[in-house]
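Working notes for the structure below.
Just so it is clear, none of the values below were taken in a lab; they were calculated from the coordinates. Given the structure is predicted, the values throughout are model-derived calculations rather than measurements.
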Amino acid sequence: MSAIYILWLRELKRYTRSRAQIVASLGQPLLYLLALGFGLGPVFQRAGNGSYLQFMAPGVIGMSVLFSSIFSGLGLLWDRQFGFLKETLVAPVSRLQIMIGRTLGGATVAVIQGMLVMVICLIAGFRPAHLWAIPLALGFMVLIALLFAALGMAIGSGLQDMQGFQLIMNFLVMPIYFLSGALFPLKNQGVVMKYVTHADPLAYGIDGMRNVLGSPLAAFDTRLDLLVLVLVGCVLLAFGAYRFHKIEI
């Protein structure tokens, strides 16, 4: 347990001591809020769907948690390059504990970043239905962070250099985000889009936040959102642990 705590604390310190990283990580969510939240707001409202800011705020929060959590797993590439990974793996600690510690650390950083983005959304004009909805949304953020931190660990365990990073970004992370319904409603989609978006686990995380925060146009039941996130999260945690156990240095 001490190894898990040390690795969790290391990931947290690495994030909090870099003010530039914190500011830079908020740039993209802020751009989405300004360019889309206010830019497309009148169009969305004229279509009879209410406030676009109320609709997309959970999506922007989910985007921040997704990017931060999955990239924390891909941080294995940096540790491999600079030798820290080798030092960690030769320590008298099980690889399972190392994987759990890094995953929890990455997930914690992602949740902190998601909370910062939520504060920005509140300043921009987003209003949850009730104050008690915020802790419930925080629970969905935790599930999203754990799920994608484990996925990042699984991917990072298989990559040998930074050349595969851009491929992961273009062909995995961005499609997961754009097909999650973060920017458009999932209701009344075509047959193909319906199956594709329903297979995206992030869609259930963002939809769960929409349900508890009272945002419009939620597509699924909250219980289904929770069930899918828990099941997929358990599968990816097990897969990430397996891939990390097989990692070669």
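Observations on the structure shown:
- Based on alpha-carbon atoms, the Kirkwood radius and the radius of gyration of region 38-139 give Rg/Rh equal to 1.17.
- Share of pairwise Cα separations in region 2-245, more than 33 Å, in percent: 18 percent
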